[in-house]
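**Q** Pasting a structure below so you can have a look.
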Amino acid sequence: MNNKTQPVRGTHDHLPEEKTHYNYILSTALKVAKVYGYQYMETPIFEFTEVFKKSLGNFSDIVSKEMYTFRDKSDEEVTLRPEGTAGIIRAIISNGLTHQMPFKAFYSGPMFRYERPQKGRLRQFHQIGIELIGTLCPEADVEVIACGHRVLEKLKIDKDSKLEINSLGNPDDRKKYKEVLLKYLKSHKNKLSIESKKKLDTNPLRILDSKDIGDIEIIENSPKINDCLEQNSKIIFDEVKKGLDSLNIKFVLNSNLVRGLDYYGHTTFEFTADKLGSQNAILAGGRYNNLMKDMGGPDLAGIGWAAGIERLMILTPLCKNENKIVSVIPVESKYNEICFKLTEDLRKNFINTDISFSGNLKKRLSYANKIKSKFAIIIGEEEANKNASIIKNLNTGEQIIVKYNEISKYLIKTL
């Protein structure tokens, strides 16, 4: 087969059954988010590159190595979005929504990063996420985490996941910590991986995320950011922990949790699942108090999370086929017109209806079973003369005669 007819490396086709699974996760998350007051919005899948450089930082792995950036025909530099938060913040600024605070947004869609494809990691992947803009209080952090926890609970994977939290403090805390951490890491420079050595002078906090075995051993004994937090930062973090405890949301402290994006400060968190191996984060986020200001907007704080749909699909039980399809079967072609009219009447009532175009009765019933129809509506000479049809339950084999004008009502009640 011609290689050009294969999907591009790191991309994946969502075929119908998989897309049903995908939509189940999306609709479940949206249903939960709406209960928490979040409204669904969408932003373009590409933005001016500056949107991501300002928000993610020039030295982040995403900006320096992973973005799909190109110049369009107007010679404008644009980038396929690698994450969702920056686009949401840009949209709030450019649409003049900064006076409508607090602002709660739910989003979903494809993201793009040039990474090494592996289980749970694609170059085009899909995310769901929420953003809560315009509040500094720790209760907002608790609500955002609780919303994520509820999504996992509704997907029946909360028992397979673990919540890890940390505080990155304020900018002064992080500056102090970077100095202490850098001094420690430089004393072990010769043992660090090549990638971590590159980050020493640009973004030493990112070394804490390293998956290299040698780096992990060094990190285990590294200074902890908790020791560099100012009293106010500690109080804020204590309030978050107290709030989670009050909701019976279990968590563990992970002092090395820094997240992959440079705009985070104070609360950071990850729900992880060991079943996924090294790429084990399934829903993660944190607070970004300076992001909107850094992007040219007013000084409004925010917090949010994102979850990879493909990773959730690996963990989430396949949703059961609802088996709500109805198959309309004319016994002979002369009854096609009656069946087509009936089919359209059923569809007007949002009844999922299929009609066979060819084959004898046996083949049409076989196809109805193949697509997992619950009922077959069969119309032959005897039924047509009575303005009625046979409705056969394909699960039980039971069948009844129903008048044409009663079929929709019967199916709505029975399906």
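**Q** Can you give me the number of residues within the stretch 386-405 that are in a helix (DSSP H, G or I) and surrounded by 12 or more Cβ atoms within 10 Å (Cβ to Cβ)?
**A** Count: 1.
**Q** Hey, another quick one. What number of residues within the stretch 206-254 are over 13 Å from Asp173 (Cβ atoms), modelled with pLDDT under 95 and in a helix (DSSP H, G or I)?
**A** So the count comes out to 12.
**Q** Among the residues of the stretch 239-254, which ones are of a type in the set (S, T, N, Q) and in contact with a strand residue (DSSP E or B) (Cβ under 8 Å, 6 or more places away or on another chain)?
**A** Asn254
**Q** Let me spell it out: the conditions are (1) in a helix (DSSP H, G or I); (2) in contact with a helix residue (DSSP H, G or I) (Cβ under 7 Å, 6 or more places away or on another chain); (3) not assigned by TED's automatic domain parsing to the domain that holds Glu83, and Lys198 meets all of them except one. Which number is the exception?
**A** Condition not satisfied by Lys198: (2).
**Q** So His21 passes all but one of these: (1) closer than 20 Å to Gly285 by Cα; (2) modelled with pLDDT of 90 or more; (3) of a type outside the set (Ser, Thr, Tyr); (4) part of a helix (DSSP H, G or I). Which condition number does it fail?
**A** (1)
**Q** Somewhere in the stretch 269-283, is a residue surrounded by fewer than 13 Cβ atoms within 10 Å (Cβ to Cβ), of a type in the set (S, T, N, Q) and modelled with pLDDT under 95?
**A** Yes, the stretch 269-283 has at least one match.
**Q** Which of the residues belonging to the stretch 58-93 are closer than 27 Å to Gly308 by Cα and hydroxyl-bearing (Ser, Thr, Tyr)?
**A** Ser60, Ser64, Tyr68, Thr69, Thr79, Thr85 - these are the residues of the stretch 58-93 that are closer than 27 Å to Gly308 by Cα and hydroxyl-bearing (Ser, Thr, Tyr).
**Q** State whether the residues of the stretch 91-110 include one that is hydrophobic (A, V, I, L, M, F, W, C), in contact with a helix residue (DSSP H, G or I) (Cβ under 8 Å, 6 or more places away or on another chain), more than 24 Å from Ile133 (Cα to Cα) and crowded, with 18+ Cβ neighbours inside 10 Å.
**A** No: the stretch 91-110 contains no residue that is hydrophobic (A, V, I, L, M, F, W, C), in contact with a helix residue (DSSP H, G or I) (Cβ under 8 Å, 6 or more places away or on another chain), more than 24 Å from Ile133 (Cα to Cα) and crowded, with 18+ Cβ neighbours inside 10 Å.
**Q** Report, by residue number, each residue of the stretch 372-385 that is within 21 Å of Asn336 (Cβ to Cβ) and surrounded by 12 or more Cβ atoms within 10 Å (Cβ to Cβ).
**A** Those that are within 21 Å of Asn336 (Cβ to Cβ) and surrounded by 12 or more Cβ atoms within 10 Å (Cβ to Cβ): Ser373, Phe375, Ala376, Ile377, Ile378, Ile379, Gly380, Glu383, Ala384.
The values are calculated or read from the model by the stated rules, or taken from the named source; none is laboratory data. These figures come from a predicted structure and were not determined experimentally. Ideal geometry is used to build each Cβ from the backbone, glycine not excepted, and the neighbour counts take in all protein chains shown.
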